[in-house]
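S.K.: This is the structure I have questions about; it appears just below.
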Amino acid sequence: MNTQRKDYTVEVEALLQQLTLDEKISMIHGAGLFRTEAVERLSIPALKSSDGPMGVRNEFENGKWIPAGTTDDFVTYLPSNSALASTWNRDLAYWAGNVLGEEARGRGKDVILAPGINIKRSPLCGRNFEYMSEDPKLTEELTVPLIEGIQENDVAACVKHFAANAQETDRLMVDTIIDERTLREIYLPAFQAAVQKAGTLSLMGAYNKLNGIHCCENRNLLQTILKDEWGYDGTVISDWGAVHKTKEAAEAPMDVEMSVFDNFDDYKLANPLKEAIKAGEVSEECVNDKVRNILRMMFRLKMIGEESENRKSGTYNTPEHRSTVYKAAAESVILLKNEENRLPISPKGLKKIALIGRNAEMIHSNGGGSAEIKALYEISPLMGMKTRLGGNTQVKYTPGYFIPSKEEQGEENWQQDSLDVDKMLEAGDRELQKKKEEEKLALSRKKGQQLLEEAVQLAKECDEVIFVGGLNHDYDVEGHDRSDMVLPYNQNEVIEAVLEANPNTVIVMVAGSAVEMPWRDKAKAILWCYYAGMETGHALADVILGKVNPSGKLPETFPVTYADTPTGENGEFALMGRVEFKEGIFVGYRYFEKYQKKPAYCFGHGLSYTAFEYEDLQMLSSEEEEDISVKISCSVTNAGDVAGAETLQLYVSEKMPCVEKPLKELKNFRKIFLEAGEKQTAEMVLRKDAFGYYDVDKKAFRVNPGTYIISIGASAQDIRLTGEVTITKEYFYQ
Ligand code: BGC
């Protein structure tokens, strides 16, 4: 916990008094795409930020989205947050954060615009790959160590996008209508933990409106919840172009306005604010408060003050960073299906193996929007397979399906155009998007026919065939959502044909969000790999060849079709204007369980090359005036003959709730590494916050006395042990 930090009041006030209004205003808005202005007279440096979640982004010209084009900004490419979340490994989250923070500092940054922790409400959201999970608890548990890891390096994390930024289409104007209970139980907890448990030094105000008011001008969100209730004393930075009104943004605790244009003096918190102050419409004290928050953060980051000589200098592209990335990538791979022990494939005596599908050789680091980076390298699955197998095995590759080129798709510079209203309207036009998809499909069919035939031919010739397909950053992308969950480029047809030619084909999906897998019953083995960073290819090859035993678990539900999801059921596609979160708290598995819908693969699912046995559930509960403590333990045995790791998931349900609640909710988890035959005891503790729901009238979380069911399982549907615990008193907490 980082809450006992020095607040530097004396130092901050001393500096504030010396600053002129012009100087103060220059500190609260962008003076470059990724920096504010320095006040050299007082040795206050510019605040330098950079995207993003998967590594430190390349340098741009100060005011233009034109890459600087230097060769010194290649960096370590980290696993996306979806990949990290699939590891269910808090230590890895810390180490990944540490790499990101150390590289940000090494590149001279003060703020790294990460992590993205929005809840995955719809599988169609273009930025799902940047986010962790549909579940607030899993998100929280990984966010906290990730931020701690970043901030160890005297760099501020900037947790984004606060709050409820659940779609990309119309992201600048969409009004997300969320009831109070849902907001508190689903969309805010990870942010609250980022503030109160991890002590994040900065936070990014989202583009969207929340219940009628833009997030960066939303006093209920920023003042009442963030400042007054959570006690936040860090800075709030706007998303790039998320400020719309001078007076409102000035009067809300939103400290730094950033945007995508180079007319920096015209930003709402620049000259327009100065004029508003002169006209007496806004008090200068609003500016002072913002500057206080910025200066306090600067002291804490050792950018200024007595400790500045001790500020960490960071570094980038170290072998240690790459080794952390490899570990995270290897633990992120999820084995969805493995009939007849199809996997692993033994490399011994393997003469010829086929890799079919463009994602076998495609590079993903350079796409996705602001999360793009200039990776020092990226090992593709094909390269991973070749480097691991060496020269005695022939690794044959064929693309399998056709992807239209950027020119064929009419691509432009998205970030420059990201505030363009016409483009937004286009993205929200369902008919137009469908038409575009159909055109792409027709083109893929036409140009892909020969590739399909070649794929079938190769699949027939080889004993071992791996199909590597999925999505790429044309789909998992900032700025617009997908129009459906269908695999693009006619892949379904190709997969069916390849499976028919060789029923032993292993299917690998590389993607950032769920896709429909209509062929999944025919495939014997399916691996899922979120964008997992520069070592993806090595990690995948090691899993396929059995050097690594997969231990990833799904951080989200994979529905059979989009229509099965709450947003699908609401008929939501790229909604514009006003979007009501009608499903309320029933997001992800909470929805599937309530309506007894069978997903393709459930939340928490992930197989291993070994089998784990759970037994001997023990529970010890005690109640104090202020809190509850339930100590839970059970033993897990690795009953197979290879070492492996299992994530035990602990779900809680109330037996007879007096308000409607999800059938069960994840409240803790534990990842355990076991040698073959080894047995260990896993311990987990639950506190009162594992039993509450948000009581809107009391404006607090409330625990009702009663019986609660504790379930421990290998996934949300594979529950192995259950027990009951009784709570006798009523508790409240914030
Ligand atoms: C994104 C942010 C990003 C910013 C700066 C915006 O478009 O929403 O996540 O940090 O651009 O590139």
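S.K.: Could you give the semi-axes, largest first, of the ellipsoid that matches region 333-551, computed as the square roots of 5 times the alpha carbon gyration tensor eigenvalues and rounded to whole Å?
M.R.: For region 333-551, the ellipsoid semi-axes come out as 31, 19, 15 Å.
S.K.: Net charge near E152: determine it from the other residues with C-beta under 11 Å of the C-beta of E152, scoring Lys and Arg +1 and Asp and Glu -1.
M.R.: -1
S.K.: If you put +1 on each Lys and Arg Cβ and -1 on each Asp and Glu Cβ, how big is the dipole of region 553-611 around its Cα centre, in Debye rounded to 20?
M.R.: Taking the Cα centre of region 553-611 as origin, the dipole is about 140 debye.
S.K.: When only Cα pairs under 8 Å and 6 or more residues apart are kept, what is the percent relative contact order across the chain?
M.R.: 15 percent
S.K.: Can you give the Kirkwood hydrodynamic radius for region 613-666, in Å, rounded to one decimal and based on Cα pairs?
M.R.: With all distinct Cα pairs of region 613-666 included, I get 14.2 Å.
S.K.: How far is helix 430-461 tilted off the main Cα axis of the chain, in degrees rounded to 10, range 0 to 90?
M.R.: So the helix axis and the longest Cα principal axis differ by about 40 degrees.
S.K.: How tilted is helix 136-151 with respect to the longest principal axis of the chain? Cα atoms for both, answer in degrees (0 to 90, nearest 10).
M.R.: Roughly 60 degrees, rounded to the nearest 10.
S.K.: Over the Cα atoms of region 217-329, what radius of gyration and what Dmax do you get, in Å?
M.R.: Taking only Cα atoms of region 217-329, I get Rg and Dmax of 18.2, 58 Å.
S.K.: Name the long-range amide H neighbours of Y377: under 5 Å, sequence gap of 5 or more, or other chain; modelled H, no Pro or chain starts.
M.R.: Amide H to amide H, under 5 Å and 5 or more residues apart or across chains, Y377 pairs with Y77.
S.K.: Sticking with this one: Bins of 20 Å, beginning at zero and ending with the bin holding the largest distance: percent of Cα pairs per bin for the chain, please.
M.R.: Cα pair-distance distribution for the chain, in percent: 17, 51, 28, 3, 0.
S.K.: If you don't mind, another one. With each run of n ≥ 4 DSSP H residues scored as -39500 (n - 2.57), what mean residue ellipticity at 222 nm is computed for the chain after dividing by its residue count and rounding to the nearest 500 deg cm²/dmol?
M.R.: -8000 deg cm²/dmol
S.K.: Which residue, M204, T315, I277, has the largest displacement toward the positive end of the dipole of region 199-332 when charges sit on each Cβ (Lys, Arg +1; Asp, Glu -1)?
M.R.: The listed residue farthest towards the positive side: T315.
S.K.: What does the charge dipole of the chain about its Cα centre add up to, to the nearest 20 debye, if the Cβ of each Lys and Arg holds +1 and the Cβ of each Asp and Glu holds -1?
M.R.: Using Cβ point charges on Lys, Arg, Asp and Glu, the chain gives about 1300 debye.
S.K.: Mind checking which of V421, S513, L451 is farthest towards the positive end of region 333-551's charge dipole, using Cβ charges of +1 (Lys, Arg) and -1 (Asp, Glu) about the Cα centre?
M.R.: Farthest towards the positive pole: L451.
S.K.: Looking at the chain, send over the antiparallel percent of its DSSP beta bridges, to the nearest 5.
M.R.: Just about 60 percent of them are antiparallel.
S.K.: Please grab the % of Cα pairs in region 612-733 that end up more than 24 Å from each other.
M.R.: 31 percent
S.K.: Which lysines does K351 reach when only Cα atoms under 17 Å apart count, and residues fewer than 8 places away in its own chain are ignored?
M.R.: Hits, sequence-local ones excluded: K386, K396, K460.
S.K.: I've got another one for you. Give the residue from V236, Q151, C215 lying farthest towards the positive end of the charge dipole for region 48-259; charges sit on Cβ (+1 for Lys and Arg, -1 for Asp and Glu) and the dipole is referred to the Cα centre.
M.R.: The one lying farthest along the dipole's positive direction is C215.
S.K.: With the contact rule set at Cα under 8 Å and sequence spacing of 6 or more, what percent relative contact order holds for region 48-259?
M.R.: Dividing the mean separation by the residue count of region 48-259 yields 17 percent.
S.K.: Could you order the peptides 520-528, 321-329 from most to least packed, using the average number of other C-beta atoms within 10 Å per residue?
M.R.: Going from most to least packed, we get 321-329, 520-528.
S.K.: Based on the Cα gyration tensor of region 319-442, what are the three equivalent ellipsoid semi-axes, each the root of five times an eigenvalue, rounded to whole Å and given largest first?
M.R.: In descending order, the three semi-axes are 36, 20, 15 Å.
S.K.: Take the residue pairs K245/K274; K337/K440; K247/K302; K109/K290 and return only those whose Cα atoms are more than 24 Å apart.
M.R.: Violating the 24 Å Cα-Cα cut-off are K337/K440; K247/K302.
S.K.: Taking only protein heavy atoms into account and a 1.4 Å probe, give the accessible area per residue of the chain in Å².
M.R.: About 37 Å² of surface per residue is accessible.
S.K.: By the scheme Lys and Arg +1, Asp and Glu -1, what is the net charge of all other residues having a beta-carbon under 13 Å from that of M254?
M.R.: -1
S.K.: Determine the share of the chain's accessible area contributed by carbon and sulfur atoms, expressed in whole percent, with a 1.4 angstrom probe.
M.R.: After summing per-atom areas, the C and S share lands at 47 percent.
S.K.: Assign unit charges at the C-beta atoms only (+1 for Lys and Arg, -1 for Asp and Glu), then state the dipole size of region 612-733 relative to its Cα centre in Debye, rounded to the nearest 20.
M.R.: That gives region 612-733 a dipole magnitude of about 320 debye.
S.K.: Hey, another quick one. With the radius of gyration and the Kirkwood radius both derived from the Cα set of region 514-591, what is their ratio Rg to Rh?
M.R.: Over the Cα atoms of region 514-591, Rg/Rh equals 1.08.
S.K.: State the dimensionless ratio Rg/Rh of region 48-259 (Rg: radius of gyration of Cα atoms; Rh: Kirkwood radius).
M.R.: Taking Rg over the Kirkwood Rh, I get 0.94.
S.K.: In region 668-730, which GluC sites (Glu not before Pro) fall in coil by DSSP and have 16 or fewer other Cβ atoms within 10 Å?
M.R.: Sparse-neighbourhood loop GluC sites (Glu not before Pro): E675, E678, E730.
S.K.: Enter the angle in degrees (range 0 to 90, nearest 10) between the Cα long axis of helix 319-332 and the first principal axis of the Cα atoms of the chain, meaning the one along which they spread out most.
M.R.: Rounded to the nearest ten degrees, it is 60.
S.K.: I'd like to compare 695-708, 261-274, 305-318: which one has the highest average count of other Cβ atoms within 10 Å, and what's the full order after that?
M.R.: 261-274, 695-708, 305-318
S.K.: Okay, moving on. Give, as a single signed number, the net charge of other residues whose beta carbon lies under 13 Å from the beta carbon of I225, with Lys and Arg counted +1 and Asp and Glu -1.
M.R.: With Lys, Arg at +1 and Asp, Glu at -1, the net is +1.
The values are calculated or read from the model by the stated rules, or taken from the named source; none is laboratory data. Predicted model, so just to flag it, every value in this text is computed and none were measured. Because the Cβ atoms are built from the backbone with ideal geometry, glycine has one as well, and the counts that use them run over all protein chains shown. Heads up: the accessible areas ignore ligands, DNA and RNA and are worked out on the full protein's heavy atoms, side chains in. Shrake-Rupley method; radii C 1.70, N 1.55, O 1.52, S 1.80 Å.
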